[in-house]
Amino acid sequence: MRNKYGVVIGLEVHAQLKTDSKIFCGCSTRFGDEPNSNTCPVCLGLPGALPVLNEKVVEYATRTALALNLHVNEESVFSRKNYFYPDLPKGYQISQYKEPFSEHGWVEIMTGERDETGHPRDIQLKRFGITRMHLEEDAGKSLHDGMPDSDTRTYVDLNRSGTPLAEIVSEPDFRSSWEAYDYVQYLRRVLQYVETCDTNMEEGSLRCDANVSVRPVGREEFGTKVELKNLNSVRFLQRALEYEIDRQIGVIESGGEVVQETRLWNERENRTYTMRTKEDAHDYRYFPEPDLPPLRVEPAMIERIRAGLPELPEALRRRFAEQYALSHEDAVVLTGSRSLAGFFEATARASGNARSSANWIKNELLRELDSRKIEIDASPVSPERLAELIAELDAGRISGAQAKDLLPKMLRAMRCLRR
């Protein structure tokens, strides 16, 4: 039945910019503090309190936009998005609408379907469009205590209220759940590379909503879209999309019509539930924020930030594959973070054996570090030390089994020396 329908998916990714203070006030953005301890009259929405834009937010947003090939508008406008919810004390959210911070971007990534074991197949380079990336403040958080059928109490924590968000809105370019999965994984790597978001989905630093619809194969017009929320991991995103695709096809095949709505993903039951009827833009009564002037970004600042961007994941993956003759899979693993990519290149240079360096890092070192809960940039064994081990192995002075036995001993010894 699946082969009778095409899938159309668009994604909205909210990335919390990792500034020390909030977007319109000086309150801390630190996660895990006592509820409502990082608040002030501005983020509490008290009468007479006026917002002041955090300059660091503009810098981080520019860096993020350029890394996603977005055009940074020299002038953008903040707007009030009006709606009522207990964790939004002002009764509106300061966001952007008609004149966003940046627009017309794209990314190129390697993507494909997965086989039964989860390994990619039919991998190819695809380009996905990004409509816009705009700035906004986050709302607070509602905490529910109790079961739905019992006396449930709801508490509101406004520590998150006012934290800076960059909302990255894609074009409806994804034609499978795995393409959406690979895109979000790529966004995570880019944000980590440019150091503008820690991308911790468990803490809410990166959140994703998906719009999905189906249509009979051959039809140009899109089907009725449904928005999916509560997707707090990329794996849940992929699973929720698969469920929703099957659900919509089932509705149509049974003679029904898909309703435009917002649905919540329930990870315990592996299904979605209706949350509310989907709103349109006019429901939010957007109008320009009267307490903030238009945001102007100087071209000189844009070019300065562009010049300081690091080599980005997809370009780095292509270079590793060509320069070091690595497989696609190895290149993807070794560009998983800037620290890991740097560690590999330093080891390859010092050892003179890129293939062996890739294998030792990917198969041995990362496993040992993971078992000790150590990140690669804190590895007790440096690239130079690992290169020495590889050189001894290449020279035939030790065997492969001896080298594998030596590595954990080196980790323990170097860790003790650092103490």
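Okay, here's what the table says:
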{"quantity": "Partner lysines for Lys81 [C-alpha distance under 17 Å; skip if fewer than 8 residues away on the same chain]", "calculated": "Lys90, Lys98, Lys278"}
{"quantity": "Principal-axis tilt of helix 383-394 within the chain, Cα atoms, nearest 10 degrees", "calculated": "40 degrees"}
{"quantity": "Given 13 as the ceiling on other Cβ atoms within 10 Å, longest exposed-site-free region of the chain for GluC sites (Glu not before Pro) in DSSP loops", "calculated": "117-194"}
{"quantity": "Translational D in µm²/s for segment 311-418 (Stokes-Einstein at 10 °C, 1.306 mPa s, Kirkwood Rh from C-alpha pairs)", "calculated": "114 µm²/s"}
{"quantity": "Exposure proxy ranking, count of Cβ atoms within 10 Å, fewest first, for Trp178, Trp106", "calculated": "Trp106, Trp178"}
{"quantity": "Where only alpha carbons of segment 240-296 are counted, the Rg and the Dmax (Å)", "calculated": "17.7, 53"}
{"quantity": "Cβ charges +1 (Lys, Arg) and -1 (Asp, Glu), total dipole of the chain, debye", "calculated": "960 debye"}
{"quantity": "Relative contact order of the chain, pairs being alpha-carbon contacts under 8 Å that are 6 or more residues apart, as %", "calculated": "17 percent"}
{"quantity": "Rounded to whole Å, sorted largest first: equivalent-ellipsoid semi-axes of segment 87-242, Cα gyration tensor", "calculated": "30, 21, 17"}
{"quantity": "Distance between modelled label sites at Glu34 and Glu269, nm, 7 Å Cα→Cβ extension", "calculated": "3.8 nm"}
{"quantity": "Charge-dipole axis of segment 311-418 as Lys and Arg at +1 and Asp and Glu at -1 on Cβ define it, positive-most pick from Ile376, Val333, Pro313", "calculated": "Ile376"}
{"quantity": "Bins of 5 Å, starting at 0 and running to the largest distance - Cα pair percent for segment 159-258", "calculated": "2, 11, 20, 22, 16, 11, 8, 5, 2, 1"}
{"quantity": "In Å, descending, principal axis extents of the Cα set of segment 1-70", "calculated": "57, 29, 26"}
{"quantity": "Solution diffusion estimate, µm²/s, Stokes-Einstein, the chain, Kirkwood Rh from C-alpha pairs, 10 °C, viscosity 1.306 mPa s", "calculated": "66 µm²/s"}
{"quantity": "Unit Cα scatterers, Debye sum, segment 289-330: log10 I(q)/I(0) for q = 0.14, 0.29 Å⁻¹", "calculated": "-0.57, -0.94"}
{"quantity": "Selection from Ile361, Pro290, Val13, by position along the positive dipole direction of the chain (Cβ)", "calculated": "Ile361"}
{"quantity": "0 to 90° range, to nearest 10: angle between helix 338-351 axis and the chain longest Cα axis", "calculated": "10 degrees"}
{"quantity": "Within segment 33-62, backbone nitrogen closer than 17 Å to the virtual label 7 Å beyond the Cα of Arg153 toward Cβ", "calculated": "35-36"}
{"quantity": "Charge dipole (segment 162-239, unit charges on Cβ, about Cα centre) - positive-most of Ala180, Asn200, Leu165", "calculated": "Ala180"}
{"quantity": "Computed helical MRE - 222 nm, the chain, DSSP H runs ≥ 4 contributing -39500 (n - 2.57), nearest 500", "calculated": "-10000 deg cm²/dmol"}
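Every number here is computed from the coordinates shown, using simple stated rules; none is lab data. Predicted model only: the values in this text are computed from it and were never measured. Glycine gets a Cβ as well: all are built from the backbone with ideal geometry, and neighbour counts include every protein chain shown.
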